[in-house]
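Read through the structure below, which is laid out as structure tokens, and then see the notes.
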Amino acid sequence: LHVGFAHVTSNSVPFLVMGWLLLLRGIGQFFAVLGLVTVMEGVAVWLVGAGNSVHLGASGVVFGFFGFLLVAGVLERSVKSILSALIVGFAYGGIVWGVLPNQRGISWEGHLFGMLAGGVVAYWLVGKSVKEENRQRALPSG
């Protein structure tokens, strides 16, 4: 659900851009991030979101994609992941202000928990593989 056409557009463009960057990482990872962020952000907003309010739109997922791509870039340190993080950071870095409760009618809780969920998911999915690669490199060959 969205409030209107402008609301759909404001979520769709970053969803498509960041979704495409996630798809470059693989379709499995795209759907894992999408599913995990959606559930984690939704549960968190349900638990601590403002009472008697309605939270609409896909911005929690958009913020989740943003958080995932930034944290993945820091953890992986590959050219592809760093470029993705830089693109997202420069193009959408201003959305970080959306996690603050300073705009009436905006679900800052959805934004905050979406971004946090994206970072946690990146740590789970990317951090594990980076740790395993580092462990393998540390083992003596022989």
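Quick note: the coordinates plus some simple rules give every number you see, no bench work behind them. Note that the structure is a prediction, hence the values are computed from the model and not measured. So basically every Cβ, Gly included, is an ideal-geometry build from the backbone, and we count neighbours across all protein chains shown.
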Go ahead and estimate [θ] at 222 nm for the chain from helices alone: -39,500 (n - 2.57) per DSSP H run with n ≥ 4, summed, over the residue count, rounded to 500. -23000 deg cm²/dmol
Expected unfolding gain across Ser12-Ser129 under the 0.36 nm per residue rule, minus the alpha-carbon gap, is 39.1 nm
Simple SL model, points at 7 angstrom along Cα→Cβ for Ala138 and Leu83; separation in nm is 3.1 nm
In percent, what relative contact order does the chain have, based on Cα pairs under 8 Å that are 6 or more apart in sequence? 31 percent
Run the Debye formula on the Cα coordinates of the chain, all scatterers equal and no solvent, and tell me log10 I(q)/I(0) at q = 0.10, 0.17 1/Å. -0.35, -0.89
